[in-house]
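The structure appears below as structure tokens.
Where a number appears in this text, it was derived from the coordinates with a stated rule and is not lab data. Everything quoted here is computed from the prediction, not taken from an experiment.
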């Protein structure tokens, strides 16, 4: 009798769940980059170093008339004193750029207090903008163990401080071993997908989808054979097709790609490209003329130098157009974003994770290379 | 509400820990009440301390299954009628759960965990557990599955049903119980 009642209750709950569920649309939003105009511009707008410790993994948060750069900083990577810092870049009416004084916006104790449920946070890592929710962030948090035990926290910010946080429900290992690095992917229905990666065991990239309330609704993998493809950088090519560029955590010395032709529902097995690359991520942005701009290291073993390269065939071949750091200095972890005025912002860490640099360029500069 | 759920889960797990340790010294009714009192008081008075926040960080989300098993164990010691799991049931569960975890680690091409986000697969899995309950006459697993489905639907905790009805600690728990049965 009791089991029959539970079964009937389950049927009722299932009916309600199916009725309430809206499902997911799997069509990418494809933006059209602005055409080149005006004089070519390429300028360094932010250059920051720390005397001691690390300042690494910069990300870009879009903002009107500028952007925020966020990164993690502390005595050493994965230490309890690591904080998420922010510098605000503002474009003046005359076109010049100004950066405010960097400051800490998230600390481990603060985040632990705002978590639901409240809990210990040991250290912080890669952080990106939650583009589905203005000013909010996705932060990599570690409560126990190392990076392979990290979780992704959805952090709601208020007045530049964390107000609420919860871990994304991404794995049966107590929601652990998922991290973020690359920016989100826009879908045609206004929602966003989150490129993430699982770092335990065989290791794979993933695209995470959310429901209307920001809760995880689905995830799809980008896996490979004999490789550890992580930190997917997803670039939509049209409504259905996209390419993901993946770092190989196995030190194969190659950049990997995975492709989808059904809006991200399924991804091809990650395969090595001809692009020599160290165990480090790349950043890619669609630019005018149907081309893609990539920031990459371009060397099988060294992350000393950072290059910009263009592809005119959806990522099949690349031509280096510019080298950013001619003096070897471990330039890595690039991120590229389009600003609200159509310019392109590139940020990366340099000096063996001890500093950050931001460069603004326009389409005219890219076209002139 | 998810904070309340986590506090409840932590209180039950702490109660079970104290009950188990106290069971070496005092008889069952006393150890159960002692465990319950310590678990409740610890969560009410010490939840902002480092050890308890560490436990939440270590074990959350607690889900339904882990606290339910702890309560079931304590209820059995109080003399309430509890149908024990058979050795075959435990062995099958252990193998199935390890396969499930392996699939989540990417060792298998199929990702079983992602089925826990979608209403239709969850409906099918809960019904299957209820059917299994009919066959065995044991209401415990159907209760956990349906309670997990209700909480999953409430939006208070995890958005994945598996987070309510499984917990990684079940691997050592099931393995130890199975070994004790066999040897």
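Once divided by 2.2 N^0.38 Å, the Cα radius of gyration of the stretch B:1-82 becomes 1.07. With only the Cα atoms considered, the stretch A:286-336 has a convex hull volume of 75 Å³ per residue. The Cα-based radius of gyration and maximum Cα-Cα distance (Dmax) for the stretch A:178-323 are 14.6, 43 Å. Relative to the longest principal axis of the Cα atoms of chain A, the long axis of helix A:2-20 lies at roughly 30 degrees. What's the center-to-center distance, using Cα atoms, between the stretch A:96-145 and the stretch A:222-266 in Å? When both Cα centres are located, 26 Å separates them. In the stretch B:84-183, the convex hull through the Cα atoms has an average projected area of 6.7 nm², a quarter of its surface area.
For chain B, the longest principal axis of the Cα atoms and the long axis of helix B:65-77 meet at an angle of about 50 degrees.
Considered as an equivalent ellipsoid built on the Cα gyration tensor, the stretch A:263-369 has semi-axes of 21, 19, 13 Å, the largest given first. Pairwise inverse Cα distances across the stretch A:110-174, averaged and inverted, put the Kirkwood hydrodynamic radius at 11.9 Å.
Extent of the stretch B:131-172 along its three principal axes (Cα atoms, max minus min coordinate, largest first): 31, 27, 11 Å.
Taking the 0 to 90 degree range and rounding to the nearest ten, how far is the long axis of helix B:119-136 tilted relative to the main principal axis of chain B, both from C-alpha atoms? With both axes taken from Cα atoms, the answer is about 70 degrees.
Mind telling me which of A:191, A:133, A:151 comes out most flexible in a GNM of chain A, alpha-carbon contacts under 10 Å? Of the options given, A:133 has the highest mean-square fluctuation. As an equivalent ellipsoid, the stretch A:1-86 spans semi-axes of 49, 28, 9 angstrom, where each value is the square root of five times an eigenvalue of the C-alpha gyration tensor, largest first.
For the Cα trace of the stretch A:216-288, dividing Rg by the Kirkwood Rh returns an Rg/Rh value of 0.97. Taking A:34, A:334, A:172 as the candidate residues, the one with maximal mean-square fluctuation in a Gaussian network model of chain A, Cα springs under 10 Å, is A:172. In the stretch B:1-55, Cα pairs under 8 Å separated by at least six residues give a relative contact order of 37 percent. In the calculated pair-distance distribution of chain A, the portion above 39 angstrom amounts to 13 percent of the Cα-Cα pairs. Translational diffusion coefficient of chain B (Stokes-Einstein, Kirkwood radius from Cα pairs, 20 °C, 1.002 mPa s): 122 µm²/s.
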